[in-house]
Structure formats: structure tokens, C-alpha cells
């Protein structure tokens, strides 16, 4: 099964200082290994870097450490989905037609890429946002 991951799950899986680390890590390991295929967008990689380097943690994550975490955990294990013009414009169209504004466009990009790649499942901790986008052919879930 092909499975998409949102930034919220990826960050939680990589950072053991977060309260939802264990279930996120378990889902990440299970659904990104054979016979399954885990995916995330190029945009999720950028969001992970921004989040990892800004988290107010007792043990802060240095930019170099964040880069290595992304390369060694995400890029090495997941299929990275490019968001091209079609996904970008389709996401803008989807959000506007649903009357949704602001930052939800980034969730729409993740969803469009996962749908385009043929993902059957998508993991996020922002279920409410993704449900508002009315996913097509994807089962949404939280770890």
C-alpha cells in the first residue's frame, strides 16, 4: 500500500522529545517499509526543516542536525513527491472552491501530491484540516 505522510507526523516521528513521538515513529516505520511505500512531498521536507529548527525544546535541534535528520530518515526511506504546476494550481482551485483561505493551501498541496501519486492512506495529526479539503480516494488517519 502506498501511504502519504504529513509534516506533523514526520516531525513527531523524528523528535523523541515530543509527546506523540512513539505512535508517530511506529506508524512511520510500519508504513514506510516493505510491502508498503511511504511518501511525502518536497514541501514537507522544507516544512520539517523549518519546524525542527524552531521547536522550543530543552535540547534544541541545530540546523545541521535537522538537515541530517531529513536526509537520513526521510529522503533515505520515503518516496519524495514533487509538487508541480498542476498540483499547485489544483490545490489553489480546491481551496478556493471550498472557501478555504490562508495556510490550508499547504495541506492542500500535500493532499494533491498524495492523490496524484496514488496513495491509499495519508497520516496526519491535522485531521480536521485535511477533512475540510475533501480528499479523494484517500483514507485519512492519525498514528
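Read-outs throughout are calculated quantities, based only on the coordinates presented, and are distinct from any laboratory measurement. Quantities reported herein were computed from a predicted structural model and do not represent experimental measurements. Using ideal geometry, Cβ is built from the backbone for each residue, glycine included, and neighbour counts are taken over all protein chains shown.
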*Mean separation of Cα contacts under 8 Å (6+ apart) over length of the chain, as relative contact order %*: 30 percent
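Tell me the mean residue ellipticity at 222 nm calculated for the chain from its helices only (DSSP H runs of n ≥ 4, each -39500 (n - 2.57), averaged over every residue, nearest 500). Before the final figure, lay out the partial values.
Working: 7 runs with 70 residues, N = 143.
Theoretical 222 nm ellipticity from helices: -14500 deg cm²/dmol.
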_Whole angstrom only: what separates the Cα centroid of segment 13-57 from the Cα centroid of segment 79-115?_
20 Å
*What FRET efficiency comes out for the pair residue 86/residue 142, r = Cβ-Cβ distance, R0 = 35 Å, nearest 0.05?*
0.80
*Under the classification rounded if a/c is under 1.5, otherwise prolate if a/b is larger than b/c and oblate if not, where does segment 11-64 fall, given a ≥ b ≥ c as square roots of the Cα gyration tensor eigenvalues?*
oblate
*asked:* Could you list 5, 130 so that the one with the fewest beta carbons within 10 Å of its beta carbon is first and the one with the most is last?
replied: 130, 5
